[in-house]
Structures are given as C-alpha cells and as structure tokens.
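Worksheet: one structure, shown below.
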Amino acid sequence: MANKGQIKEQTKTKLKLPKQYQVLIYNDDFTPMDFVVEVLMQIFDKDEATAVTLMLSVHKGNYAVAGVYPRDLAQTKAAEAVKWAREEGYPLKVEAVCQ
C-alpha cells in the first residue's frame with residue numbers, strides 16, 4: 001500500500017546524439033569525373049542525378065560534402081572511397097571532418 005504523502009520522482013533522460021562528421025570529396029586534376037560519380041553512387045548511396053550534381057560541385061569548387069554521418073561511419077566511407085581510388089590509380093582525396 002502506497003503512502004499518501006509519497007512523492008514520485010520523475011527523471012528525464014536526455015539522449016546525447018553522436019557528433020556528426022562531414023565526408024568531403026576534394027577536387028583534383030587527375031581523377032575522372034565518371035569515377036567520382038561512381039564513388040558517390042556506390043559508397044555514398046546517391047542517385048545518379050545527385051551524384052552528377054555533387055561531382056560538378058567538386059569540379060567547380062575545391063570540395064563538396066558527400067554525406068554527413070556519425071564518426072565511425074564517416075571514416076569508414078572515406079577510407080573505402082580512398083582505397084578504391086588508389087586501386088584504380090587515382091589520387092582522389094576524401095576525408096571525414098567534424099561539423
């Protein structure tokens with residue numbers, strides 16, 4: 001039996017979301033545009049139109065954001081893209097940076 005004077009304590013738990021990291025793809029003069037589009041589609045799950053738009057952003061500027069992910073996923077995707085580029089003989093630079 002509960003006491004009438006008993007106070008129920010409620011605690012609110014705030015979930016802290018993990019820091020998000022941007023995966024940046026940088027422009028270079030050697031990596032073919034078609035390869036960058038393939039990387040964006042295969043590794044970053046972009047549809048072809050979005051991949052082409054991002055590739056053109058990379059080509060016209062210094063870099064573009066391929067995606068935003070938690071740290072481990074961002075680093076994994078960046079490393080996978082760089083590994084694939086090196087296997088193909090391209091100097092593509094991809095890195096994960098904290099927002």
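The values are calculated or read from the model by the stated rules, or taken from the named source; none is laboratory data. Note that this is a predicted model, so its numbers are computed, not measured. So basically every Cβ, Gly included, is an ideal-geometry build from the backbone, and we count neighbours across all protein chains shown.
Of note:
- If the condition is being under 12 Å from residue 44 (Cα atoms) and in contact with a helix residue (DSSP H, G or I) (Cβ under 8 Å, 6 or more places away or on another chain), then segment 73-89 contributes only 81.
- In segment 46-94, the residues that are of a type outside the set (Val, Ile, Thr), within 9 Å of the chain's Cα centre (by Cα) and surrounded by fewer than 20 Cβ atoms within 10 Å (Cβ to Cβ): 69, 70, 71, 73, 75
- Pairs with Cβ under 7 Å, 6+ apart, first in segment 38-50 and closer than 11 Å to residue 25 by Cβ, second part of a helix (DSSP H, G or I) and among the aromatic types (Phe, Trp, Tyr): 39/84
Conditions tested, residue by residue: (1) under 20 Å from the mean Cα position of the chain (by Cα); (2) outside any helix (DSSP H, G or I).
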{"residue": "9", "(1), (2)": "no, yes"}
{"residue": "14", "(1), (2)": "no, yes"}
{"residue": "21", "(1), (2)": "yes, yes"}
{"residue": "25", "(1), (2)": "yes, yes"}
{"residue": "28", "(1), (2)": "yes, yes"}
{"residue": "31", "(1), (2)": "yes, yes"}
{"residue": "37", "(1), (2)": "yes, no"}
{"residue": "44", "(1), (2)": "yes, yes"}
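- Unique match (being at pLDDT 95 or above, closer than 19 Å to residue 76 by Cβ and not acidic (Asp, Glu)) among 41, 33: 41
- Note on segment 6-27: residues that are at pLDDT below 95 and surrounded by 10 or more Cβ atoms within 10 Å (Cβ to Cβ) total 2.
- Scanning segment 54-99 for residues that are in a loop (DSSP other than H, G, I, E, B) and basic (Lys, Arg) yields a count of 1.
- Close pairs (6 angstrom Cβ cut-off, 6 or more residues apart or separate chains): at positive phi in segment 87-99, surrounded by 17 or more Cβ atoms within 10 Å (Cβ to Cβ) and modelled with pLDDT under 95 anywhere: none
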